[in-house]
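A short reminder: the numbers here are calculations on the coordinates, not readings from a lab. The structure presented is a predicted model; accordingly, all values stated were derived computationally and were not measured. With ideal geometry, Cβ positions are generated from the backbone for all residues, glycine too; neighbour counts draw on all protein chains shown.
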Amino acid sequence: MRRHTLNPSPFDKAQGEDVGEHMDSEKLLRLALVVFGAIFLLVYPLAIIWPSGWAWHQGAPYESEYFMMIVGVYATLGVFLIRAAKDPKANASLIWFAVWSSIVHAGIMAVQSFNGGGHMGHLLGDVPALILVALVFGLLAKTQKIAT
């Protein structure tokens, strides 16, 4: 069932969308920002629960300076993604940074997974997780016509 408003924008009409569909994708983008932001805050616990899919070193997560740096970067990004949910259009740069940095990060990790050292578990852990982040944010941002 299509919902109509009295004054839909010309852009929505030209694209064959109604305002109700537009609003649903906006809610989904806001939800995705909060959910993935929260997950980014959980990188450290994920490495404890499933080290072969989330940590690139042996031992406890805190024993790797590199991993703790990644935790800090992703926790910061997580906080800002959650904040971006209040006004996604005003945070377009952050959303597209999350898309493209996730693609680059996943690509590098995927290649490195094949370099030996027992890192194939990442192809089932953080690599697909980052691809999912990029796909969800990218598709929802495009639906919302958030500029790149």
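Table for the structure above
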read-out: Sorted by Cβ density within 10 Å, fewest first, the residues GLU65, GLU26; value: GLU65, GLU26
read-out: Ellipsoid equivalent to the stretch 19-143 - semi-axes via the Cα gyration tensor, in Å; value: 29, 15, 11
